[in-house]
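Okay, structure first, notes after.
The values are calculated or read from the model by the stated rules, or taken from the named source; none is laboratory data. These figures come from a predicted structure and were not determined experimentally. Note: ideal-geometry Cβ built from the backbone for every residue, glycine included; neighbour counts use all protein chains shown.
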Amino acid sequence: MSERIILASQSPRRKQLLEWAEVEFDVLVKETDELYPSTLPVEKVPVYIARNKALAVKDELSHERIILAADTIVVLKDEIIGKPSGRNAALQTLSKLSGQTHQVITGVALLKGDEEISFEDITKVEFHTLTQQQIEYYVDHYKPYDKAGAYAIQEWIGVIGIKRVEGDFYNVMGLPVSRVVKALKQF
């Protein structure tokens with residue numbers, strides 16, 4: 001792909017994944033709220049938020065470029081688990097996820113002019129039962145406060161704590177890269 005896209009995200013993980021895929025991009029982010037209609041099906045929530053992020057950036061551009069925005073949520077038993085507000089919330093979240101299978105859903109929105117491609121990608125992640133000591137160690141050493149579900153699969157907790165992943169591993173990192181690259185080729 002020769003055209004540089006606009007990445008509407010400050011996520012270092014999304015930047016890294018696009019670099020690995022050798023997709024050239026510039027970062028442009030406009031602050032948007034992450035509110036969504038309460039009637040929205042849970043799997044559509046991150047798509048809705050991603051689309052709003054992309055539209056906010058589109059308004060800032062003077063000419064048409066492909067805009068990529070994404071949002072990732074963690075869902076346990078139909079409950080959306082967001083980013084923890086601090087240490088106690090992170091400990092509580094990881095205690096909930098311990099020994100359970102949850103879903104990581106990333107919503108992706110690609111815009112160029114009036115064209116739009118949006119989709120969600122769902123990966124199931126099963127944690128081993130974690131000890132309180134493991135949970136505290138991870139939170140205190142890795143400070144996962146900017147991560148949905150209070151963890152990053154590519155960090156220590158993923159290496160020692162994850163029993164099984166069903167679906168796209170990179171989706172759990174924040175972007176289903178292979179699907180994104182395929183969608184980019186459609187423009």
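Given the conditions (1) in contact with a strand residue (DSSP E or B) (Cβ under 7 Å, 6 or more places away or on another chain); (2) under 21 Å from ASN52 (Cα atoms); (3) loosely packed, with under 14 Cβ neighbours inside 10 Å, which single one is not true for ASP114?
Failed condition: (1).
Which condition number in (1) within 20 Å of VAL27 (Cα to Cα); (2) modelled with pLDDT under 95 is the one that ASP114 fails?
Single failed check for ASP114: (1).
Among the listed residues VAL104, VAL108, VAL125, VAL139, which satisfies the condition of being of a type in the set (Val, Ile, Thr), at pLDDT 95 or above and not in a strand (DSSP E or B)? Let's see the steps before the verdict.
Working: VAL104 fails: not in a strand (DSSP E or B); VAL108 fails: not in a strand (DSSP E or B); VAL125 fails: not in a strand (DSSP E or B).
So the residue among VAL104, VAL108, VAL125, VAL139 that is of a type in the set (Val, Ile, Thr), at pLDDT 95 or above and not in a strand (DSSP E or B) is VAL139.
If you check ALA183 against the conditions, is it at pLDDT 95 or above and of a type in the set (A, V, I, L, M, F, W, C)?
Numbers: at pLDDT 95 or above: yes; of a type in the set (A, V, I, L, M, F, W, C): yes.
Yes.
Which residue pairs have Cβ atoms under 6 Å apart, sit 6 or more places apart or on different chains, and have a first residue in the stretch 49-67 that is part of a helix (DSSP H, G or I) and a second that is surrounded by fewer than 20 Cβ atoms within 10 Å (Cβ to Cβ)?
ILE49/GLU34; ARG51/SER118; ASN52/THR32; LYS53/THR32; ALA56/LYS30; ALA56/THR32; VAL57/LEU28; VAL57/LYS30
Quick one: in the stretch 3-43, which of the residues that are over 24 Å from GLU155 (Cβ atoms) and touching a Phe, Trp or Tyr at 6+ places or on another chain (Cβ under 8 Å) is surrounded by the most Cβ atoms within 10 Å (Cβ to Cβ)?
Across the stretch 3-43, the extreme among qualifying residues is ILE6.
Residue check, PHE119 against (1) crowded, with 23+ Cβ neighbours inside 10 Å; (2) within 18 Å of the chain's Cα centre (by Cα); (3) among the aromatic types (Phe, Trp, Tyr), all met but one. Which one?
For PHE119, the failing item is (1).
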